[in-house]
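Report on one structure; see the data block that follows.
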Amino acid sequence: MAEDALAEADRARKERDRLTVPAGLAALSLDALASVAYGPEAIVVVLAVAGAHGLGFTLPVTLAIAALLAVLTVSYRQVIAAFPNGGGAYAVAGAYLGKRVALVAAASLLIDYVLNVAVSVSAGVAALTSAYPALYGDRVWLCLAVLALITVLNLRGVAESARVFMIPTVLFILAIGGVIVLGLVRAHPVTAPSSAALSGSAESVGVLLLLKAFASGCSALTGVEAIANAVPTFREPRVKRAQRTEVALGALLAVMLIGLAALIKKFHVAPDPGKTVLAQLTDAALGHHVAFYAVQFLTMVILALAANTSFGGMPVLGGLLAHDNYIPHLFALRADRQVHRYGVLVLAGASAILLVGAGGDTQKLVPVFAIGVFIGFTISQAGLVRHWLAERGAGWVGRAALNGFGAVLTTVALVIELVSKFTEGAWLVCLAVPMLVLLFERIHAGYDHVGRVLGLGEIPAPAIEQQALVVVPVGAVSRLTREAVCAALSLGDGVVAVTVVHTDEDDGAAEAALTERWRAWQPEVPLVVLHSAQRSLTRPIVQYLNRLAREAPASPGGYERIMVLIPEVQPHKVWHRLLHNQRGAVLDRAIRKNTDAVVCRLRFRLDQW
């Protein structure tokens, strides 16, 4: 009963460290929600080349993006149900499109996760330096400070970080909602947009321009997949909570995008180098006073915190890759509070390198942003089509058609993104994805080799007892030597002590003294004296062990296993360790590298003697 109560208490504690629907929105949806700060502007910047007439297509393009968002929301809701262990596009592709395609999806998503952290942090800091220009020169350090803060919060647990982020997330949603509602009810803007005077038609609005605007605006859809990638981080029932979070995200993002697009059309907002589109809309709807600055501050905070989406999704994806032997297994390990610590730290480190390399400049990172996630979108949609064709359950035709349509849309957006941004940095993604896939496959081949050698998955031969000889390196006759010899006698069938002396006159007396004390002690264990002309400790012992390995099986005792027991003292205080030599560590490395002996470092704590 007591064990059952403890197990239940442990399960309840683990569940508390997982996400609810509101916490899931705060922890995993900030990337998508914060994209309203730059998604609509990306559309406007493209359409502005066609003048005022081109800007009139902002709302239709946004409606098309919202339609794609609806398809993706429904699709990832299906992914959550079909793959409750997370992984998103990687899991879908692995089941229906083959491992190579799954690895492409995983590589592209990993790249996008890292880029999302770098872009979100740098964009948030850019908003701060725009308000306080004196900080511009320190933007790289500010980026690293924000990144360090988010990393620390995530090391405390995704649920812990979600609680911290929940308040700014709710305030940001309310602020954008207030801008949209007040803007729509006003007959005239409180402050006229600074670029409202744009007029004329610089060129006709063609299909290619609309497609480019659609592809650019699709940057607002990054982060939609994060919830499906991180289903295991939700509380029970995980699938239902994750699905509700996905639907809530899709609905909120669609409403905000369409609402802002409607305001852009109503107030005739155009790009302004000195003022973002969102800032112009806020000025027009609320006026240039405290509310304006509050919305800008919230935007800055949300952009910086949007990086948390990657910290929620990438470690889970990394855990799945590690479980499948495509990245080191340590990425599957979880610390307290269900944290994939190594995934969090690697994500932070890679993002820090990008931030430093780009000098904290968002514009140097944006050209390659969102390409990776659209690769994942396309693969996920295509995989679900195969899923419905294989399952053929109720309503499978409509679902397959919906996912097929989504795959076409995301493929078109991906191609346009790659073509239009290739020379601006998209080529880096085209290079990085296959390199990562190759790395995954090499790691997998390495694990396969280890598995074959160890016979993993096979029933091994019966266990048999082997005769073992324990070798104990000693340097003096002391209490430490006695403890080591006692331990060796309990471990092996035979025990031999070895000591190394140097062939010069100074060590001659030391050798005689040691052998005399050994005879006086009479431990009934032979002492072998090894001589070294080069004053080397490790070489004579390694040579002796290799000679034993050749001769021991044929000796009268027939020893089949050689063990080395290295006795060491462990001081009570850490700094006392500096007072002791490191011969144990030196011997350990040399013996493991150059022999097949089993090494055991036997530490004795001085505070317990």
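Those residues that are in contact with a Gly (Cβ under 8 Å, 6 or more places away or on another chain) and of a type in the set (Lys, Arg), I need them from region 261-288; list them, please.
Hits for region 261-288 are LYS265, LYS266.
Can you pull out the residues in region 349-380 that are outside any helix (DSSP H, G or I), crowded, with 20+ Cβ neighbours inside 10 Å and touching a Leu at 6+ places or on another chain (Cβ under 7 Å)?
Across region 349-380, the qualifying residues are LEU365, PHE369.
So LYS421 fits all but one of (1) surrounded by 12 or more Cβ atoms within 10 Å (Cβ to Cβ); (2) of a type in the set (D, E, K, R); (3) more than 35 Å from the chain's Cα centre (by Cα); what number is the exception?
(3)
Going through region 115-141 one residue at a time, which ones are more than 17 Å from LEU365 (Cα to Cα) and touching a Leu at 6+ places or on another chain (Cβ under 8 Å)?
LEU128, THR129, LEU135
Say whether the condition of being buried (at least 21 other Cβ atoms within 10 Å of the Cβ), assigned by TED's automatic domain parsing to the domain that holds ALA291 and modelled with pLDDT of 90 or more is met by at least one residue in region 155-165.
no
Taking CYS486 as the residue in question, decide whether it is of a type outside the set (Asp, Glu), at pLDDT 90 or above, surrounded by 11 or more Cβ atoms within 10 Å (Cβ to Cβ) and part of a helix (DSSP H, G or I).
When the stated conditions are applied, CYS486 passes them.
Residue check: is PRO523 within 30 Å of ASP112 (Cα to Cα) and of a type outside the set (D, E, K, R)?
no
Can you name the number of the only condition in (1) in contact with a strand residue (DSSP E or B) (Cβ under 9 Å, 6 or more places away or on another chain); (2) not in a helix (DSSP H, G or I) that ILE464 fails?
(1)
Being among the hydrophobic types (A, V, I, L, M, F, W, C), outside any loop (DSSP other than H, G, I, E, B), modelled with pLDDT of 85 or more and under 27 Å from LEU414 (Cα atoms) narrows it down to one of VAL140, VAL117, VAL181, so name that one. Reasoning before the result, please.
Numbers: VAL140 fails: under 27 Å from LEU414 (Cα atoms); VAL181 fails: under 27 Å from LEU414 (Cα atoms).
Answer to the selection: VAL117.
Hey, could you check region 47-91 for residues that are over 27 Å from the mean Cα position of the chain (by Cα) and outside any helix (DSSP H, G or I) and say which is surrounded by the most Cβ atoms within 10 Å (Cβ to Cβ)?
PHE57
Check PRO556 against each of (1) within 39 Å of the chain's Cα centre (by Cα); (2) outside any strand (DSSP E or B); (3) modelled with pLDDT under 85 and name the one condition it does not meet.
(1)
Does ALA394 meet the test of being surrounded by 12 or more Cβ atoms within 10 Å (Cβ to Cβ), more than 31 Å from the chain's Cα centre (by Cα) and free of Cβ contacts under 8 Å to residues at least 60 places away in the same chain?
Here the answer is no, as ALA394 does not meet what is asked.
With the structure loaded, tell me whether PHE377 is without any contact (Cβ under 8 Å) to a residue 40 or more places away in the chain, assigned by TED's automatic domain parsing to the domain that holds ARG18, aromatic (Phe, Trp, Tyr) and within 28 Å of GLY124 (Cβ to Cβ) or whether it fails that test.
The answer is no for PHE377.
Scan (1) within 23 Å of ALA106 (Cβ to Cβ); (2) at pLDDT below 85; (3) of a type outside the set (A, V, I, L, M, F, W, C) for the single condition SER216 breaks and write down its number.
Checking SER216 against (1) within 23 Å of ALA106 (Cβ to Cβ); (2) at pLDDT below 85; (3) of a type outside the set (A, V, I, L, M, F, W, C), the one that fails is (1).
What about PRO193, is it at pLDDT 80 or above and outside any helix (DSSP H, G or I)?
no
Quick one: which helices (runs of 4 or more DSSP H) lie wholly within region 264-325 and hold at least 3 residues that are under 16 Å from the mean Cα position of the chain (by Cα)?
308-323
Could you check ALA394 against (1) modelled with pLDDT under 85; (2) in contact with a helix residue (DSSP H, G or I) (Cβ under 6 Å, 6 or more places away or on another chain); (3) among the hydrophobic types (A, V, I, L, M, F, W, C) and say which number it fails?
(2)
Which residues, taken from region 414-472, are touching a residue at least 60 places away in the same chain (Cβ under 8 Å) and of a type in the set (D, E, K, R)?
GLU417, GLU441, ASP448
Being in contact with a Phe, Trp or Tyr (Cβ under 8 Å, 6 or more places away or on another chain) and within 20 Å of GLY94 (Cα to Cα) is the filter here, so list the residues in region 385-398 that pass it.
Listed by number, the residues that qualify are ARG386, HIS387, TRP388, LEU389, ALA390.
The values are calculated or read from the model by the stated rules, or taken from the named source; none is laboratory data. What you see is a predicted model, and the numbers here were worked out from it, not measured in a lab. Please note: Cβ atoms are built from the backbone with ideal geometry, for glycine as well, and neighbour counts cover all protein chains shown.
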